[in-house]
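One structure below.
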Amino acid sequence: DLVTLKNNKKHKTKSSRDAPALSKVFPISGFLSAGADFIRFVIEFHDKKYYTIAMIGIFGGAFDPPHKEHVRIATEVKKEFSLKEVVFLPSGNSPHKSLQTPFSLRLKMLEAALEGAFPIDQTENEFPGRAYSYLILPLLKQKYGDVAFLIGGDSLLAFDKWRHPEEIVKICPLIVVPRGEDDIDELSAAAEGYMRRWGGDIRISRTVRGEDVSSTAIRAKCALGMPLDDVADEVKAIIEQNGLYRTYDAYVQKVKGMLREKRWRHTCGVVLAGLKINERVGLPFEKVFLGCLLHDCMKYVDRVNPGVPADVIGTKVLHAFNGAEEARLAFGITDPEIIDAIRYHTTGRAGMTALDKLVYTADMVEELTRDFEGVEELRAAAYRDLDDGFVRCFKVCYDSLIERQIPIYYLTLDCYKQYCK
Ligand SMILES: [Fe+2]
Ligand SMILES: [Fe+2]
């Protein structure tokens, strides 16, 4: 800050020294030069490229766990918007998220991830009741002065579903950090729409783009026993010491034991793709994780479970029906939505639930083993919009069955009639 101040001072002295010299040569030029400065100021102000007063950026999140991208985003946003500081604001313990790691451990991980590079604010943990942004931001403004609130592109698209968004925009500017798949035009249109409705100041970062890293994916990787590349070593150590994200270990070990290596890799891919699709769908983590994890559990088991319809025995779709019963009988799954998503992941059906579509689609587009021609396009569609992605995937499968003259199960025909006609 001192350096900036000095430079500014130097710059000012230089231009005010220049101005009289110019005006001696040609009296009006001093006025013109001042005018140019003023125009430049107006343009910069209009472009909203810089904040006139250095603000404090507020970076909120669960940080469960914090990852390297969080640190990079804070560093880059601070630079782009000339912020005085970026303060990390971990959310308090949510009574609605039973699987969330306790605040004390999330704080410990965040301290390890930041290594003192950015301050951490504990307002949300101390706040009585639910810490909605429209309640917390005024407190932070009192504490820090002018603040700007950092949100992800996905949050911006759902901003009108937040509590009192019209109040939030009046409290402080928002800085939006687009995520990997986000479309800048879509974000700009959303921001302009909100500003037209409620006023305020919503800016979209033009230089910072969140890479394809999410805390949800890291929790899943941890649960699946995959390497955690995007997490600092000290954070990894805390995760391991405290056995975090291992809630489903018994299921994971059991499924892994039932599958061949490549099928296990595919299963891991389906879990990760399913969770990524779910970023825009918003189903509970448990439903997505278990539905995807168990979908192929009976792929290599000949035994036929009770409850499997006779007409699928000996066909390619048997493992799906068999898997649904296995989930119920051997894994103790009681959620009928999870069981159905496993049951219909190969055939589809009329009246697919969101979870049915999600497992079906993730099965087809996962990134670890699927590499057929055209998969990238299906994948992009699935991450953008599940309904569209599902129909595209289903059509590809259906056409391939027709082409290969494979008999089509009646549920698949029902599905085709509902979604493709
Ligand atoms: Fe399958
Ligand atoms: Fe599969």
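The values are calculated or read from the model by the stated rules, or taken from the named source; none is laboratory data. These figures come from a predicted structure and were not determined experimentally. In this analysis, Cβ positions are derived from the backbone assuming ideal geometry, glycine residues included, and neighbour counts consider all displayed protein chains.
Some notes on this structure:
- Residues of the stretch 193-228 classified as farther than 23 Å from Leu83 by Cα and charged (D, E, K, R), total: 5
- One residue stands out among those in the stretch 309-328 that are among the charged types (D, E, K, R) and within 13 Å of ligand 1 (Cβ to nearest atom): the one that is farthest from Tyr360 (Cα to Cα), which is Glu326.
- Residues that are acidic (Asp, Glu), at pLDDT 95 or above and closer than 30 Å to Val312 by Cα do occur in the stretch 281-292, at least one of them.
- Subset of the stretch 143-161 that is assigned to a helix (DSSP H, G or I), hydrophobic (A, V, I, L, M, F, W, C) and out of contact with any Leu (no Cβ under 7 Å at 6 or more places or on another chain) - its residue that is surrounded by the fewest Cβ atoms within 10 Å (Cβ to Cβ): Leu157
- Candidates Lys256, Lys262, filtered to the one that is closer than 21 Å to Lys287 by Cβ and within 16 Å of ligand 2 (Cβ to nearest atom): Lys256
- Search result, residues across the stretch 319-330 that are assigned to a helix (DSSP H, G or I) and either of a type outside the set (S, T, N, Q) or at positive phi (or both): His319, Ala320, Phe321, Gly323, Ala324, Glu325, Glu326, Ala327, Arg328, Leu329
- Qualifying residue in the stretch 359-382 (condition: over 20 Å from the mean Cα position of the chain (by Cα), within 13 Å of ligand 1 (Cβ to nearest atom) and without any contact (Cβ under 8 Å) to a residue 60 or more places away in the chain): yes
- Asp311 satisfies every condition listed in (1) touching an Asp or Glu at 6+ places or on another chain (Cβ under 8 Å); (2) assigned to a helix (DSSP H, G or I); (3) surrounded by fewer than 17 Cβ atoms within 10 Å (Cβ to Cβ) except (1).
- Any hit, the stretch 126-142, residues being crowded, with 18+ Cβ neighbours inside 10 Å and over 22 Å from Glu167 (Cβ atoms): no
- From the list Val308, Val317, Val288, the one residue that fits, being free of Cβ contacts under 8 Å to residues at least 60 places away in the same chain and either more than 15 Å from ligand 2 (Cβ to nearest atom) or within 20 Å of Phe394 (Cα to Cα) (or both), is Val308.
- Members of the stretch 387-421 that are β-branched (Val, Ile, Thr), closer than 18 Å to Leu318 by Cα and in a helix (DSSP H, G or I): Thr412
- Every test in (1) in a loop (DSSP other than H, G, I, E, B); (2) surrounded by 16 or more Cβ atoms within 10 Å (Cβ to Cβ) is passed by Lys316 save one, and that test is (2).
- Flag set for Asp340, criterion: of a type outside the set (Gly, Ala, Ser), part of a helix (DSSP H, G or I) and farther than 20 Å from Lys276 by Cα.
- Flag for Asp201 being at pLDDT below 95, more than 16 Å from ligand 2 (Cβ to nearest atom) and either surrounded by fewer than 20 Cβ atoms within 10 Å (Cβ to Cβ) or within 30 Å of Phe372 (Cα to Cα) (or both): no
- Among the candidates Leu83, Leu107, Leu89, the residue that is assigned to a helix (DSSP H, G or I) and in contact with a strand residue (DSSP E or B) (Cβ under 8 Å, 6 or more places away or on another chain) is uniquely Leu107.
- Pairs with Cβ under 9 Å, 6+ apart, first in the stretch 335-355 and over 13 Å from Glu325 (Cβ atoms), second within 16 Å of ligand 2 (Cβ to nearest atom) and of a type in the set (Lys, Arg): Ala341/Lys357; Thr346/Lys316; Gly348/Lys357; Arg349/Arg343
- The residues of the stretch 341-364 that are farther than 19 Å from Pro284 by Cα and within 11 Å of ligand 2 (Cβ to nearest atom), listed by number, are Thr346, Met364.
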